[in-house]
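Before any comments, here is the structure.
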Amino acid sequence: MTGAAARLDPGVRSDRPVRFLIVGLAVLLLALAGGSASNYSSFVVAQATVSIVPTTNLALHGTNLDGTLTPEGSVTITLDLLVDNPSSRVLRLRLLAFSEWVEDGPALAGLNESRRIQDDRLVDENGTRYFYRAFGESTEVAGDTIDACSRASFAFMYTLTNASNSIRFGVVRNITDYWASTKGEATAGTWISWVRVQLAIEGVPVASSPSAAAYVFALGTIERREGINLAAPP
């Protein structure tokens, strides 16, 4: 039997199709592994590079001629939030927590001892300073997105009035009256802000079970905090 006849003999089986199948499967697995690694690395990059820049503006409305608040007045804080997203992932705002403290001049001067005990404190080179938490809000945010490799700005407004919270408004009015009488300006006291932002990374499955591993929750969430949280334990 010649060599050509042997190659044409149906009784002789070739292993080439099997080798081709193995090579094809190997290439497919490598491609899937590479895609999975690339996908995971994009989450890591987002976790490491995304940043926020919060800016606040304070305004008193409904004031007397000397700038002090009337009972019908209001205190407004405008929070401008810039989110810088240099990653390849689309982000979505999920949670925004905001707090604002005003330096409690009357408590520091010994004019309100009960509030002095309850105030949050800041210790620096000048000693212990007392701050009253005028705003403390935490809300879920839906629908606001930040595209990949881009920046987005958002504006949020917080308003305090006698009708919305009479206790807080009364304290802030007392404090701003103090600063107006001692410094000549109702907003002369120091104001301190703290912002906490949670961002969801689009495309990451949401863990449905509370018993899921912590990394499953952390993988798809970016959390950023800026400012001084006076309410946190020292």
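The values are calculated or read from the model by the stated rules, or taken from the named source; none is laboratory data. No experiment lies behind these values; they were computed from the predicted model shown. Note that each Cβ is placed from the backbone with ideal geometry, even for glycine, and that neighbours are counted across all protein chains shown.
Per-residue answers, yes or no, for (1) surrounded by 15 or more Cβ atoms within 10 Å (Cβ to Cβ); (2) free of Cβ contacts under 8 Å to residues at least 12 places away in the same chain; (3) more than 20 Å from residue 233 (Cβ to Cβ); (4) of a type outside the set (Ser, Thr, Tyr):
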residue: 79; (1), (2), (3), (4): yes, no, yes, yes
residue: 88; (1), (2), (3), (4): no, no, yes, no
residue: 99; (1), (2), (3), (4): yes, no, no, no
residue: 106; (1), (2), (3), (4): yes, no, yes, yes
residue: 119; (1), (2), (3), (4): yes, no, no, yes
residue: 126; (1), (2), (3), (4): no, yes, yes, yes
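The residue of region 65-77 that is surrounded by the most Cβ atoms within 10 Å (Cβ to Cβ), among those that are touching a residue at least 24 places away in the same chain (Cβ under 8 Å) and of a type outside the set (Val, Ile, Thr), is 69.
Quick one: is residue 110 farther than 28 Å from residue 197 by Cβ, in the same structural domain as residue 195 (by TED's automatic domain parsing), modelled with pLDDT under 95 and out of contact with any strand residue (DSSP E or B) (no Cβ under 9 Å at 6 or more places or on another chain)? Considered against the rule, which asks whether it is farther than 28 Å from residue 197 by Cβ, in the same structural domain as residue 195 (by TED's automatic domain parsing), modelled with pLDDT under 95 and out of contact with any strand residue (DSSP E or B) (no Cβ under 9 Å at 6 or more places or on another chain), residue 110 comes out as yes.
What residue, among those in region 199-227 that are at pLDDT 85 or above and of a type in the set (Val, Ile, Thr), is surrounded by the most Cβ atoms within 10 Å (Cβ to Cβ)? Top of the filtered list is 222.
Only one of the numbered conditions (1) touching a Phe, Trp or Tyr at 6+ places or on another chain (Cβ under 6 Å); (2) modelled with pLDDT under 90 is violated by residue 124, and that is (1).
From the list 76, 70, the lone residue that is over 30 Å from residue 199 (Cα atoms) and part of a strand (DSSP E or B) is 70.
The residue pairs whose first member lies in region 141-168 and is without any contact (Cβ under 8 Å) to a residue 12 or more places away in the chain, whose second member is surrounded by 11 or more Cβ atoms within 10 Å (Cβ to Cβ) and outside any strand (DSSP E or B), and whose beta carbons are closer than 9 Å, counting only pairs six or more residues apart or on different chains, are 163/169.
Checked against (1) touching an Asp or Glu at 6+ places or on another chain (Cβ under 7 Å); (2) closer than 17 Å to residue 229 by Cβ; (3) surrounded by fewer than 20 Cβ atoms within 10 Å (Cβ to Cβ), residue 62 meets all criteria but (2). Scanning region 89-129 for residues that are of a type in the set (Phe, Trp, Tyr) and out of contact with any Lys or Arg (no Cβ under 6 Å at 6 or more places or on another chain) yields one hit, 98.
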